[in-house]
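Some notes on the structure that comes next.
The values are calculated or read from the model by the stated rules, or taken from the named source; none is laboratory data. Everything numeric here is computed off the predicted structure, so don't read it as measured data. So basically every Cβ, Gly included, is an ideal-geometry build from the backbone, and we count neighbours across all protein chains shown. Surface accessibility is based on the protein's heavy atoms, side chains included, excluding ligands, DNA and RNA. Shrake-Rupley method; radii C 1.70, N 1.55, O 1.52, S 1.80 Å.
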Amino acid sequence: MGGVENNEPVSKRVKVSLGDLGGLTNTSTCTELVLNGLGGRMAKSVPTPESKEFIGPNGEIEKVDFVRIITKALYSLGYEKSGALLEQESGINLHPLEVNLFRDQVLGGKWDESVATLTKIGIVDENALKSASFLIFQQKFLELLGNKRVMDALNTLRHEITPICIDAKKLRELSSYVVCSSQNGMFGFSCKEMVSQNGRLNLLEEVQKLLPPAVMVPERRLEHLVEQALNVQRKDCVFHNSLDGSLSLYSDHQCGKDQIPSQTLQILQDHSDEVWFLQFSSNGKYLASASNDKTAIIWEVPESEEVSLKHKLIGHEQSIVTVAWSPDDGQLLTCGMEGVVRRWDVSTGACLQIYAKASIGLISCGWSPDGKYIFSGLTDKSICMWDLGGKEHKCWKGQRTLPISDMVVTKNGKWIMSICRESAILLLDREASIEKLVEEDTTITSFALSKDEKFLLVNLINQEIHLWCVVGDPKLICIYKGHKRSRFVIRSGFGGYEQSFIASGSEDSLVYLWHRYTGELIETLSGHSGTVNCVSWNPVDPHMLASASDDRTIRIWGLNGVTLKGNYSSSNGVVHCNGNTR
């Protein structure tokens with residue numbers, strides 16, 4: 001391959017006359033060429049040497065491809081002379097001559113010529129050729145409108161875009177732009193706004209997606225490859241847990257255990273009995289805990305300071321088993337074993353509403369995305385929805401839930417998830433009335449949903465935790481082992497940087513931490529003196545973890561060497577297991 005002979009910008013490197021387009025007659029229209037197919041006008045891809053040369057430590061990188069990608073990066077960064085010099089010195093052209101011609105024609109607004117050149121640059125699929133031609137004529141149409149050449153734009157729409165007809169909806173939209181232009185922007189915007197300054201460059205990027213990558217190197221390909229490499233290193237690093245997402249390009253990435261919260265920073269002792277459940281608010285500013293002592297506590301979590309008691313919520317007649325934060329973190333639901341749900345104001349600690357149903361107990365709770373409704377599982381195995389005032393709006397009858405049920409409502413309000421049988425979790429599409437199941441071979445004790453709502457973490461009676469992908473048909477992804485569970489409900493959850501870790505309680509008084517993607521057990525945290533029932537990772541601070549135990553305490557875990565401002569509380573020295581002193 002020959003190189004360029006000068007240092008001019010890329011748009012000037014190739015000069016090809018229209019006579020070189022291969023026999024286009026004056027009577028042939030560009031649209032006819034597109035509609036009549038490729039007709040043998042295909043160009044060859046970038047020529048390569050007969051014997052390919054490979055480079056790299058393992059000899060796996062084809063040299064021609066590597067040089068072309070570097071050349072593309074230089075041009076993308078604005079280093080036109082350097083890119084041209086690399087082409088010249090290496091003898092490896094970035095693009096075939098037809099591609100350079102096509103780029104010049106698009107950037108120069110030579111729409112008909114660019115469509116004709118399309119048939120020469122390697123689009124094998126005729127549908128892709130039509131799609132690319134549609135995009136070019138669309139840009140031509142929009143620019144004509146932007147320049148107030150309405151009749152010319154209408155002619156392009158009728159005689160060039162409409163015959164291709166690959167998108168009827170888009171065709172109607174373009175037609176409406178003609179009305180918009182003729183009525184001086186009656187829809188609140190001018191047609192000029194439809195054509196940005198970078199419209200032609202954006203067009204090239206869109207057309208490029210339809211071309212074989214070997215013919216036209218994708219934009220920012222080198223940057224994409226580097227980012228892929230960094231992401232692989234980040235995911236492969238079992239200890240990566242930093243909010244600083246930048247990684248060095250000069251060395252391979254590897255974190256140490258110092259990024260994992262493994263030191264007890266604070267012990268909270270304000271519950272008088274076992275602590276069964278806890279959960280951070282979505283903004284990370286609060287922590288709520290539920291206890292066998294019939295109270296729930298809202299804790300304040302100031303940055304770099306001690307966690308402090310904000311409100312102790314009193315009113316339940318029996319143990320509180322779970323809590324649920326409202327979408328704005330301004331309210332809290334608590335669910336007690338007496339079968340009622342209470343709604344509390346976080347700022348004042350006042351009870352705003354009690355939800356109950358005659359002769360039927362409420363055993364779980366959750367919020368609608370707009371915070372205007374609450375959901376609850378009932379002891380009759382149904383799921384009901386109430387407004388904030390306590391009026392029941394809908395009820396899904398049948399075997400929808402169990403007395404041990406967890407409940408989750410997705411952020412879009414579409415899916416309700418609950419344990420419907422001992423070994424199955426129901427995913428109910430409440431809008432389309434579609435159901436699907438996550439089915440296990442043994443009893444399910446609890447589950448948690450990932451932040452992106454694509455994965456379920458399922459705790460089982462056989463001392464395993466299963467990670468399921470629930471997009472489409474549920475699929476088992478990973479299994480985590482090591483923690484102890486024989487009698488009680490143990491809860492686990494996602495956490496850390498981009499939820500890259502799995503944390504779980506255990507009956508051996510330890511907190512277990514696994515790397516989510518490899519399944520590797522990376523740490524066990526000791527300190528509690530009774531069963532650890534529940535863990536919650538701060539969704540805002542990847543270096544803060546909380547655990548709730550039968551020893552009546554909550555432990556706040558952080559990085560080694562970190563201290564919180566304030567006076568630490570100390571352990572009460574009493575060892576408990578489900579309320580009994582050992």
Between the modelled labels at residue 452 and residue 230 (7 Å from Cα along Cα→Cβ) the distance in nm is 1.8
Net length gained if the chain between residue 242 and residue 58 were fully extended (0.36 nm per residue, minus Cα distance)
63.1 nm
What figure, in Å² to the nearest 10, do you get for the accessible area of residue 110 with a 1.4 Å probe and non-protein molecules left out?
110
Once every Cα of segment 424-558 carries one equal point scatterer and solvent is ignored, give the base-10 log of I(q)/I(0) from the Debye formula at q = 0.08, 0.14 Å⁻¹, two decimals.
-0.20, -0.61
To the nearest Å, what is the center-to-center distance of segment 141-173 and segment 504-559, using C-alpha atoms only?
62
Of every hundred units of 1.4 Å-probe accessible area on segment 59-137, the number belonging to carbon and sulfur atoms, as a percent, is 52
If you rank 407, 337 by how much accessible surface each has, with a 1.4 Å probe, what is the order from largest down?
337, 407
Area accessible to solvent at residue 70, 1.4 Å probe radius, in Å²:
50
On the protein heavy atoms, probe 1.4 angstrom, tell me the percent of accessible surface of segment 274-380 carried by carbon and sulfur.
47
Give me the accessible area per residue for segment 62-168, probe 1.4 Å, as a whole number in Å².
41
Using a 1.4 angstrom probe on the protein heavy atoms only, line up 485, 220, 342, 172 by accessible area, largest first.
172, 220, 342, 485
With every protein chain in place, what's the accessible area of residue 344 (1.4 Å probe, Å², nearest 10)?
10
From highest to lowest solvent-accessible area (probe 1.4 Å; ligands, DNA and RNA excluded), 82, 526, 133 read 526, 82, 133
Carbon/sulfur accessible area of segment 422-557, % of total, 1.4 Å probe, equals 46
Here the gain from full extension of residue 435 to residue 162, 0.36 nm per residue of separation minus their alpha-carbon distance, amounts to 94.0 nm
